[in-house]
Amino acid sequence: MNRLQVELPGLTLKNPIMPASGCFGFGKEYAQLYDLSKLGAIMVKATTLEPRFGNPTPRVAETPAGMLNAIGLQNPGLEKVVTEELPWLEQYDVPIIANVAGSETEDYVAVAERISKAPNVRALELNISCPNVRCGGITFGTDPKIAGELTRAVKAVSSVPVYVKLSPNVTDVTEIARAVEAGGADGLTLINTLVGMRFDPRTGRPVIANGTGGLSGPAVKPVALRMVYEVSRSVSIPVIGMGGISDVDDVINFMSAGASAVAVGTANFVDHFVCPNLIDALPDRMDELGIRNITELIGRSHR
Amino acid sequence: MIRNEHMKVAGQREIARNIYELVLEGELADEIKEPGKFVHVRAGETLDPLLRRPISIADYGNGRITLIYRAEGYGTRVISEKGLHGQADVLGPLGNGFPVEAAAPGTKALLVGGGIGVPPLYGLSRRLKEAGVEPVHVLGFQSEDVVFYEEEFIRLGETHIATVDGSRGAKGFVTDVMASLGHEFSVYYSCGPLPMLKAVAEGMAGTEGYLSFEERMGCGIGACFACVCRTDSNDRGYVKVCSDGPVFKAGVVTL
Ligand SMILES: Cc1cc2nc3c(=O)[nH]c(=O)nc-3n(C[C@H](O)[C@H](O)[C@H](O)COP(=O)(O)OP(=O)(O)OC[C@H]3O[C@@H](n4cnc5c(N)ncnc54)[C@H](O)[C@@H]3O)c2cc1C
Ligand SMILES: Cc1cc2nc3c(=O)[nH]c(=O)nc-3n(C[C@H](O)[C@H](O)[C@H](O)COP(=O)(O)O)c2cc1C
Ligand code: FES
């Protein structure tokens, strides 16, 4: 019995560690560094219906123990992802979680329907932190009704389980969590980045060309842990936790807070081998803590 | 192959005001096949500063690499204190460097650098010289106190220095010096701030050229899309500075 194994809707994970969307591209670059089959899963870069160029540069800025990014969902578009990126990943024994983004419900539905049929895509992750052009640009993920309806529409066409990625930029994250659960979500992933800014004292202007950016990295970890804790208590679907994870105790703590598995984003830029290193470090740390199977950790703070 | 190595600090010294020469020892050095590539250096061992800093490989060989960097911001100031800890966490070599073979033996090549864009031209000049090409250097700095490697470049070939305030060499910009050279160049190479690259490319229009770009980075290996520039030269409409560059043929990146 593999003591790191975790079973989730659509996913049999060899271990609970996966790179987070947007921090790992479609895997090619990190494949130069290590064998991707080692990973529990891979959350690939957001895919939109049409190719997107993204925002002007500078797109990133460093902040205390964190970073801001405003990449603008740059990606090659559904067609290229389905015909080139995903087939390339088939050489690895690793389930793919496809991150789906759009500007209106129809975009999400079209991407979800097709991408969920790719043989190695075992689950979708709906990125609902996108502005909804039909509703005056308000973010899908900040309105429980819109988030729930989007989930329902995507569930209706998806061939694989649907996880919804929650935005932390809301007053009550549990309200959105319950709305997407009611919409039929099979699981939740959280957190996406927190909207932030950094200024240049010489020019008096924001450092990021887009003005605002999404904050990630160790700086957001306490917020992420709190949200994973609250959300996992208020829904009965599993949660994949993320936000500032960089060491093995972070993994343990996110799982204790209620996550069934975790994703690692920004830390991949700091230690490019962080994912395999965490996977290797887990068994020893579990021994020290007297944990036989990793699943014993899930939500133990609630018990 | 890209390595992540804790390289041994073989030496570090301040060679001009706030400009440091850092020599590192390790296996990574043997992976470098062309000048102009860069390494992604971790600044410190804690989670703050968080991101790695991209620094060009100024020179390489005999199991060593030389980095020359300006300690200006938070991270580079931490790196300038690295000597004390004895090792540096380095990822590399990264990116695509300068094509030495673009210059035919027996011809002259023009190398134009500005400020912290000067370092990779040193490794390039050495390789050009080894290949039988005659390098001519035009190096621009703000002022005399930040001029570095003048002697080293002079040893390799004709060298012109320009400073903005005229405190050393010609007063003005590298382009002012270029206009007065009167040589025939088979190819030019340049690294420096964007306005300089633009002016150099305009001044050398019609000659084959290679430009090294700077952009803010996240991953440094092509995965995060932080460092893109517009291009008309491929159907994607963009290139990534970290993995497609940092050196591009003149004309590839829309200036
Ligand atoms: C391919 C490449 C090669 C480079 N080679 C050299 C070199 O040989 N010598 C040298 O002195 N400098 C070089 N630079 C510039 C160097 O990366 C920056 O000066 C350095 O990152 C600034 O960090 P800091 O800690 O001083 O500033 P901070 O203000 O603390 O930096 C904050 C963040 O912004 C980024 N950043 C700030 N300025 C720049 C910049 N000009 N370019 C890219 N990122 C920046 C930092 O990497 C960091 O992520 C190179 C840049 C690139 C992209
Ligand atoms: C550069 C960058 C790009 C990102 N792109 C995406 C994306 O395309 N889709 C998405 O759902 N999340 C994206 N994210 C958010 C991450 O997946 C993750 O939720 C967040 O960064 C928090 O985790 P971390 O602190 O470990 O990075 C991105 C984050 C970063 C830093
Ligand atoms: S720095 Fe991540 S793609 Fe270039």
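Touching a strand residue (DSSP E or B) at 6+ places or on another chain (Cβ under 8 Å), more than 14 Å from every other protein chain (Cβ to nearest Cβ) and buried (at least 19 other Cβ atoms within 10 Å of the Cβ): does that describe B:Lys129?
So B:Lys129 fails the test.
Could you identify the single residue in B:Arg17, B:Arg13, B:Arg77, B:Arg64 that is among the charged types (D, E, K, R) and within 14 Å of another protein chain (Cβ to nearest Cβ)?
Details: B:Arg17 fails: within 14 Å of another protein chain (Cβ to nearest Cβ); B:Arg13 fails: within 14 Å of another protein chain (Cβ to nearest Cβ); B:Arg64 fails: within 14 Å of another protein chain (Cβ to nearest Cβ).
None of the other options fit; the residue is B:Arg77.
Restrict the check to the range B:188-196 and report whether at least one residue is among the aromatic types (Phe, Trp, Tyr) and within 19 Å of the chain's Cα centre (by Cα).
To start, the set of residues in the range B:188-196 that are among the aromatic types (Phe, Trp, Tyr) comprises B:188-189.
Restricting the remaining residues to those that are within 19 Å of the chain's Cα centre (by Cα) gives B:188-189.
Scanning the range B:188-196 turns up at least one residue that is among the aromatic types (Phe, Trp, Tyr) and within 19 Å of the chain's Cα centre (by Cα).
Within the bounds of the range B:200-213, is there any residue that is under 24 Å from B:Leu124 (Cα atoms) and within 14 Å of ligand 3 (Cβ to nearest atom)? Yes, there is a match, as at least one residue in the range B:200-213 is under 24 Å from B:Leu124 (Cα atoms) and within 14 Å of ligand 3 (Cβ to nearest atom).
When the range B:34-53 is filtered for residues that are in a loop (DSSP other than H, G, I, E, B) and in contact (Cβ under 8 Å) with a residue 40 or more places away in the chain, the ones remaining, listed by number, are B:Glu34, B:Pro35, B:Gly36, B:Lys37, B:Arg42, B:Glu45, B:Leu51, B:Arg52.
Only one of the listed residues (B:Leu51, B:Leu24) is open to solvent by less than 30 Å² (accessible area, probe 1.4 Å) and over 27 Å from B:Leu139 (Cβ atoms). That residue is B:Leu51. Residues that are more than 16 Å from ligand 1 (Cβ to nearest atom), open to solvent by less than 40 Å² (accessible area, probe 1.4 Å), under 21 Å from the mean Cα position of the chain (by Cα) and of a type in the set (Asp, Glu): does the range A:59-81 have at least one? Scanning the range A:59-81, I find no residue that is more than 16 Å from ligand 1 (Cβ to nearest atom), open to solvent by less than 40 Å² (accessible area, probe 1.4 Å), under 21 Å from the mean Cα position of the chain (by Cα) and of a type in the set (Asp, Glu), so the answer is no. No other residue among A:Leu13, A:Leu86 is closer than 23 Å to A:Arg114 by Cβ, more than 14 Å from every other protein chain (Cβ to nearest Cβ), out of contact with any His (no Cβ under 9 Å at 6 or more places or on another chain) and open to solvent by less than 20 Å² (accessible area, probe 1.4 Å) apart from A:Leu86. Inside the range B:207-227, can you point out the residues that are open to solvent by 10 Å² or more (accessible area, probe 1.4 Å) and under 12 Å from B:Tyr189 (Cα atoms)? Within the range B:207-227, B:Thr207, B:Glu208, B:Tyr210, B:Phe213 qualify.
Please count how many residues of the range B:149-174 are assigned to a helix (DSSP H, G or I) and touching a residue at least 40 places away in the same chain (Cβ under 8 Å). Show your work before the answer.
To start, the set of residues in the range B:149-174 that are assigned to a helix (DSSP H, G or I) comprises B:150-156, B:174.
The next check asks that each one be touching a residue at least 40 places away in the same chain (Cβ under 8 Å); those that pass are B:174.
Count: 1.
Taking into account only those residues within the range B:208-248 that are more than 16 Å from ligand 1 (Cβ to nearest atom) and at pLDDT 95 or above, which is farthest from the chain's Cα centre (by Cα)? Once the filter is applied, the top-ranked residue is B:Glu208. Scanning the range B:191-207 for residues that are within 13 Å of ligand 1 (Cβ to nearest atom) and of a type in the set (Gly, Ala, Ser) gives a single hit, B:Gly192. How many of the residues in the range B:117-148 are touching a residue at least 60 places away in the same chain (Cβ under 8 Å) and closer than 19 Å to B:Glu72 by Cα? Qualifying residue count, the range B:117-148: 8.
Looking only at residues in the range B:99-126 that are open to solvent by less than 10 Å² (accessible area, probe 1.4 Å) and in a helix (DSSP H, G or I), which one is farthest from B:Ser56 (Cα to Cα)? Among residues in the range B:99-126 that are open to solvent by less than 10 Å² (accessible area, probe 1.4 Å) and in a helix (DSSP H, G or I), the one farthest from B:Ser56 (Cα to Cα) is B:Ser125. Taken as a whole, the condition of being over 18 Å from the mean Cα position of the chain (by Cα) and either assigned by TED's automatic domain parsing to the domain that holds B:Phe141 or of a type in the set (A, V, I, L, M) (or both) does not apply to B:Leu67. Each residue in the range A:186-222 was checked for being over 20 Å from A:Gly72 (Cα atoms), open to solvent by 30 Å² or more (accessible area, probe 1.4 Å) and within 11 Å of chain B (Cβ to nearest Cβ), and 2 pass. Among residues of the range A:21-53 being open to solvent by less than 30 Å² (accessible area, probe 1.4 Å) and of a type in the set (S, T, N, Q), the one that is farthest from A:Lys80 (Cα to Cα) is A:Ser37.
Please enumerate the residues belonging to the range A:228-249 that are in a helix (DSSP H, G or I), open to solvent by 10 Å² or more (accessible area, probe 1.4 Å) and free of Cβ contacts under 8 Å to residues at least 40 places away in the same chain.
Within the range A:228-249, the first condition is being in a helix (DSSP H, G or I), and the residues that meet it are A:228-234, A:248-249.
Cutting the leftovers down to open to solvent by 10 Å² or more (accessible area, probe 1.4 Å) gives us A:229-230, A:232-234, A:248-249.
Scanning the range A:228-249 gives A:Val248, A:Asp249.
The values are calculated or read from the model by the stated rules, or taken from the named source; none is laboratory data. This structure is a prediction, so every number in the text was calculated from the model and none was measured. Note that each Cβ is placed from the backbone with ideal geometry, even for glycine, and that neighbours are counted across all protein chains shown. Protein only, heavy atoms only, side chains kept; ligands, DNA and RNA dropped before computing areas. Shrake-Rupley method; radii C 1.70, N 1.55, O 1.52, S 1.80 Å.
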